[in-house]
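I have placed the structure first, in the form of structure tokens, so that the comments after it can refer back to it.
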């Protein structure tokens, strides 16, 4: 009986997905290659952040990876280097914009703002994930699955966006000490969920998100402000 090749094929596909991509292969004369990524999309509180990165050299490409695979200390070490040695733009969408637009559109807005912060009018944008940024005029785009793991400019954007947002959440942790934002950064950890259940949401919680909206007393009641 002939053996099925399906398992082997699946392994090959998985390997292809995880293979590193040389960002210089996207280079075209006169156009910058811009890596873009967002962070905080799945959080229950706080803004969503994005960064856009144009790498000026490839000296440490092999050391850059998805920020989620790095320790906080590693990210904190790399972010300042990236900001000094490369061209980086940072953008965000507020909690109010997340609630008005929905989290997907707010993430796109943050990415657009990060690209605008680069002060370039054209380029080739490499976006982490499977969706291009809608309405981004003047730029070519390529969506890359697992781009934060596979493409150095996207990895750089991932690291800077993560460190920038984490710092903001640490500041909010001082302002709203009851929730522990400095620890979980707004993600839906058991500690965070328990605090929302006991205290109720504050104004930086995303009121349209499950895990928050259930604990709003009524539309006429102001959110708890510690």
Within segment 100-128, which residues are surrounded by fewer than 17 Cβ atoms within 10 Å (Cβ to Cβ) and within 12 Å of the chain's Cα centre (by Cα)?
104
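Let's see how each residue does on (1) surrounded by fewer than 23 Cβ atoms within 10 Å (Cβ to Cβ); (2) closer than 15 Å to residue 48 by Cβ:
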{"position": "168", "(1), (2)": "yes, yes"}
{"position": "180", "(1), (2)": "yes, no"}
{"position": "183", "(1), (2)": "yes, no"}
{"position": "190", "(1), (2)": "yes, no"}
{"position": "201", "(1), (2)": "no, no"}
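Readers should treat all values here as calculations from the given coordinates under stated rules, not as data from a laboratory. Model, not experiment: these values are computed from the prediction. All Cβ positions, glycine included, derive from the backbone under ideal geometry; neighbour counts span all protein chains shown.
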